[in-house]
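Readers should treat all values here as calculations from the given coordinates under stated rules, not as data from a laboratory. None of these values were measured; they are calculated from a predicted model. All Cβ positions, even for glycine, are placed from backbone atoms using ideal geometry, and neighbour counts span all protein chains on display.
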Amino acid sequence: MILNYENVLKEIIGQSGIEFEEIEKLLPEIEKAKERISEKLKTEYDALQLPYVMSLKTTEIVETAKEIRENYENFVVVGMGGSSLGNQMLHYAFNGIYHNMQSHPKMYFLDNVDPKSTETLLNSLDLSKTMFNVITKSGSTAETIQNFLLITDFLKEHFLDPKKHLIFTTDPEKELLRKLSKEMGIKTFDIPPYVGGRYSVLSAVGLLSAAVENIDISVLLRGAELTRLRVLNSDPINCMAMVLPAIQYLLFKNKGVNINAMFTYSDGLSYLGQWYRQLLSESIGKKYDRNGKEIYTGITPLAVRGTSDQHSILQLFLEGPFDKLIIMVAPKDYKSELSVKGEFVNEESVEYLKGKKYSDLIKAEFDGTKAALKKNGRPFVSIELSEIREEEIGKLIYMLEYSVIMLGELLGVNPVDQPAVELGKQFTYGIMGRKGFESKEEEFERLISPESKYTIENDAL
Ligand code: PA5
């Protein structure tokens, strides 16, 4: 994995860039932040220990996964946000987006409560051959619990034993799911107490579904562990997990760059962009700093897919405001290969495509976009993976998690809480009539009036 950051530098892209000396000047600050992070490894930054901790606990996950592969046709991950996005990232990165057309067990993600899609999924699956992995750290997220309740209804209707079709992944102590796991005798994996949703992909949250589809989770963890060791032992200036947040921080503070777009050149890797979108926004978007002072800070992440989105959003990146850092991500080796003969078409204008491989074109698009960004003085970094293999993805995951925590430290915010997401959850409980949340319902009534004079109905002529 190589990070190239020359194209954020003033000497290369001009006025919109930063000076290399600014990065150097920030290094003592980064050293201090690194120390603060090390001090909290047993508490709030426990997720950074997962590569090592989980490498000692893979046996049960791998054995359960094997059993599932041998006995079930479908595996459904039921969870929201951080309790699903990491699973999706791993699934699509390694298998591409059409995996279910070719391989078993088929993998599905129930991460919404849209009645239409939920109904379609549950009515289409052969439930007798389906395992549902209900994942919730808090054990109480309304959407996850609603989906879980519905699944139990379906299992009951089909006279199926919940014990044979449900696995829970949740906090070792807290809340409903843990209680139910004991009462119903459901197999349950733990999420370590300090590990929050968006940092949980390297815990049982992400590892079980990955192991079910034969992703080598030991090698994935080894990759993450290699980055962990690199972070511990190398100079900040030689460590991606520190240089990347330094760039993000300096562009944000000194150049007003408050949008970071992850531009991934692979269908499968586009879910890395979705995962990173949550990681960056929930970690950095904060009203208060660590001292309780109002700061309203944050960087808006975008997940952009190459080459497709070159034909939708790139125009804005190239000629719009200078408010974006683009993080270009691509593998060097795409593993699959197609080449085109095109013998039916004898047109001069398409000759250049004949005999070329698909990877030639996607790489040319990647390089062409970098050249266009550079020509327009747009700051970008590129992360090139040797290939989409377990070790490389493990390295990348850890690098991004650490870099976001480092960015949080530089900005003085808590990168592992999400108070506003919790507030939204509480309003939902209040609106839905959950006991203990009556005050939230009243507050909601005051905030959102059912009748407003500022509405326009567009139905009638
Ligand atoms: O990152 C987070 O903490 C959140 O996005 C959660 O993952 C999400 O809200 C789901 O929470 P839970 O796992 O408690 O159901």
If Ser336, Ser203 are placed from fewest to most neighbouring beta carbons inside 10 Å, the sequence is Ser336, Ser203
Taking a straight Cα-to-Cα line shorter than 19 Å from Lys34, and setting aside same-chain lysines fewer than 8 residues away, one finds Lys25, Lys42, Lys395
From DSSP H assignment alone, runs of 4+ in the chain each adding -39500 (n - 2.57), the sum over residues rounded to the nearest 500 puts [θ] at 222 nm at -15000 deg cm²/dmol
Check: C-alpha center region 78-103 vs C-alpha center region 403-446, spacing in Å is 27 Å
Those chymotrypsin sites (Phe, Trp or Tyr not before Pro) from region 339-375 that are DSSP loop and have at most 15 other Cβ neighbours within 10 Å turn out to be Phe344
Here, region 213-269 modelled as identical Cα point scatterers in vacuum has Debye log10 I(q)/I(0) at q = 0.15, 0.23, 0.27, 0.31 Å⁻¹ of -0.70, -0.98, -1.00, -1.07
Expressed as a percent, the portion of alpha-carbon pairs in region 158-216 spaced more than 20 Å apart is 33 percent
Loop-resident chymotrypsin sites (Phe, Trp or Tyr not before Pro) in region 61-104 with no more than 16 other Cβ atoms inside 10 Å, DSSP not H/G/I/E/B, are Tyr98
If each K or R counts +1 and each D or E counts -1, the residues other than Val78 whose Cβ falls under 12 Å of its Cβ total -2
Taking every DSSP bridge whose two residues both lie in the chain, the antiparallel percent to the nearest 5 is 15 percent
Fewest-first ordering of Ile456, Ile237, Ile388 by Cβ atoms within 10 Å yields Ile456, Ile237, Ile388
Summing +1 per Lys or Arg and -1 per Asp or Glu among the other residues with Cβ less than 15 Å from Lys156's Cβ gives -1
By the Kirkwood definition, with r running over pairs of different Cα atoms, region 1-107 has a hydrodynamic radius in Å of 18.6 Å
Output row, site Ser386, 7 Å Cα→C-beta label point, backbone N cut-off 13 Å, window region 329-355, residues 332-333
Here the residues of region 398-429 lying in the modelled label zone of Ile448, meaning backbone nitrogen under 15 Å from a point 7 Å along Cα-to-Cβ, are 421-429
Quick calc, Asp235 & Leu41: beta-carbon distance into FRET formula, R0 22 Å, rounding 0.05, result 0.65
Across all Cα atoms of the chain, Rg and the largest Cα-Cα distance (Dmax), in Å, are 23.5, 72
Extension length gain for Glu348 and Lys179 (0.36 nm per residue less Cα distance), in nm, is 53.9 nm
The answer for the per residue Cα convex hull volume of region 240-279, in Å³, is 80 Å³
Rh_Kirkwood(region 288-417) over Cα pairs, Å, one decimal, evaluates to 18.0 Å
The answer for the net charge of residues other than Tyr296 whose Cβ lies under 9 angstrom from its Cβ, with Lys and Arg +1 and Asp and Glu -1, is +1
Along principal axes, largest first, the alpha-carbon spread of region 357-404 in whole Å comes out as 32, 30, 9
So, relative contact order of the chain in percent, Cα under 8 Å, 6 or more apart, is 21 percent
Checked against a 26 Å limit on the C-alpha separation, the offending pairs among Lys10/Lys324; Lys182/Lys440; Lys10/Lys370; Lys57/Lys187; Lys66/Lys187 are Lys182/Lys440
A correct fewest-to-most ranking of Val62, Val195 by other Cβ atoms within 10 Å would be Val62, Val195
Relative contact order of region 310-397 (C-alpha contacts under 8 Å, at least 6 apart) in percent is 46 percent
Taking GluC sites (Glu not before Pro) in a DSSP loop with at most 12 other Cβ atoms within 10 angstrom as exposed, one finds the longest site-free stretch of the chain at 1-172
Counting every C-alpha pair in region 314-391, the percent lying more than 18 Å apart is 55 percent
Of region 306-321, those with amide N under 17 Å from the point 7 Å along the Cα→Cβ vector of Asp367 are 307
Note to self: C-alpha centroids of region 291-368 and region 11-77 sit apart, in Å, by 26 Å
Stokes-Einstein, Kirkwood over Cα pairs, region 47-215, 37 °C, 0.692 mPa s; D in µm²/s equals 207 µm²/s
So for region 200-352, using the alpha carbon gyration tensor with a ≥ b ≥ c as root eigenvalues (a/c under 1.5 gives rounded; past that, a/b versus b/c decides prolate or oblate), I'd call it oblate
Cross-link reach from Lys287 to aspartates and glutamates, straight Cα distance under 20 Å and at least 8 residues apart if same chain, gives Glu44, Glu409, Asp417, Glu422
Given all pairs of distinct Cα atoms, region 119-251 yields a Kirkwood Rh in Å of 17.3 Å
In this structure, among Lys335/Lys375; Lys106/Lys164; Lys106/Lys341, pairs with alpha-carbon gaps over 21 Å are Lys335/Lys375; Lys106/Lys341
Restricting to Cα pairs under 8 Å and 6 or more apart, the percent relative contact order of region 47-215 works out to 33 percent
